[in-house]
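The values are calculated or read from the model by the stated rules, or taken from the named source; none is laboratory data. This one's a predicted model, so the numbers in the text were calculated from it and none came from an experiment. Reconstructed Cβ throughout: ideal geometry from the backbone, glycine too, with neighbour counts over all protein chains shown.
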Amino acid sequence: MDYIEIKDQIIFTLKNMLTEARFYHCLRVAEEAQRLASRWGEEESKLYIAGLLHDCARDLPYQELIPLLPSYLGEEVYSIPAIFHALAGPAIVDREFGIKDYKIWHAIRWHATSCDMMSRFDKILFISDFCEPGREFPEANLIRKIAEKDWEEAYRRVLKDKLFFLLAHNFPIYSATWKAWNKIK
Ligand SMILES: [Fe+2]
Ligand SMILES: [Fe+2]
């Protein structure tokens, strides 16, 4: 599928699914992911589409996402609603956009939590979500600079930062995130 040909159609549908702020966040993540893909020799158009669609399920009600969570994820996911939109994201990408691309699905599924099977493609989306230019926290700027020189180091820092954030706020941490961390230690 030539994703660039259907880009405008995707953007039109997406705009009707999201709040305005979220829609523009998705556009910026897509642009950041495309820029990093070009820097590191990844598939630019695919990463652009993954960036556009990564949060497409974010404004849907939890009740709609729960039945779409794959059973292999285990019971623990039901206690972490903040990650439903990522884990159920591929089902929404398929249902609403007709996109059945495993690479895009995988990157979207793990964009919020990471996991121990992250490809470079997945990691670029993970980094872009954190450091798109609309992010106001100071680390975003730093990560953008690091990602220019060393995408693996940028990924490690984003993962570490997310873990710190979750712990500092007493939020639950999904086991896939711990596995992702242990994998790089
Ligand atoms: Fe997200
Ligand atoms: Fe996002």
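Before moving on, here are some points about what is shown:
- One residue from Ile124, Ile92, Ile173 being among the hydrophobic types (A, V, I, L, M, F, W, C), in contact with a Phe, Trp or Tyr (Cβ under 8 Å, 6 or more places away or on another chain) and modelled with pLDDT of 95 or more: Ile124
- Among the candidates Ser71, Ser45, residue that is polar (S, T, N, Q), more than 15 Å from the chain's Cα centre (by Cα) and closer than 24 Å to Tyr174 by Cβ: Ser71
- Just one of the listed residues (Ala33, Ala50, Ala88, Ala57) is under 19 Å from Asp129 (Cβ atoms) and touching a His at 6+ places or on another chain (Cβ under 6 Å), namely Ala57.
- In the range 139-152, the count of residues that are part of a helix (DSSP H, G or I), more than 20 Å from Trp40 (Cβ to Cβ) and in contact with a Gly (Cβ under 8 Å, 6 or more places away or on another chain) is zero.
- Pair list, Cβ < 6 Å and 6+ apart or interchain, from the range 48-72 residues that are without any contact (Cβ under 8 Å) to a residue 40 or more places away in the chain and in a helix (DSSP H, G or I) to residues that are hydrophobic (A, V, I, L, M, F, W, C) and surrounded by fewer than 17 Cβ atoms within 10 Å (Cβ to Cβ): none
- Number of positions in the range 75-114 that are surrounded by fewer than 18 Cβ atoms within 10 Å (Cβ to Cβ) and closer than 17 Å to Lys162 by Cα: 3
- Hey, Leu53 under 19 Å from Phe126 (Cα atoms), under 13 Å from the mean Cα position of the chain (by Cα) and more than 15 Å from ligand 1 (Cβ to nearest atom) or not: no
- Annotation: of all residues in the range 101-134 being part of a loop (DSSP other than H, G, I, E, B) and small (Gly, Ala, Ser), the one that is nearest to the chain's Cα centre (by Cα) is Ala112.
- Enumeration of residues in the range 1-30 that are among the β-branched types (Val, Ile, Thr) and either closer than 17 Å to Cys131 by Cβ or modelled with pLDDT of 95 or more (or both): Ile10, Ile11, Thr13, Thr19, Val29
- Thr177 satisfies every condition listed in (1) over 20 Å from Ser79 (Cα atoms); (2) in contact (Cβ under 8 Å) with a residue 24 or more places away in the chain except (1).
- Cβ-Cβ under 6 Å pairs, at least 6 apart or on other chains, the range 94-121 side at positive phi and polar (S, T, N, Q), far side surrounded by fewer than 15 Cβ atoms within 10 Å (Cβ to Cβ) and part of a helix (DSSP H, G or I): none
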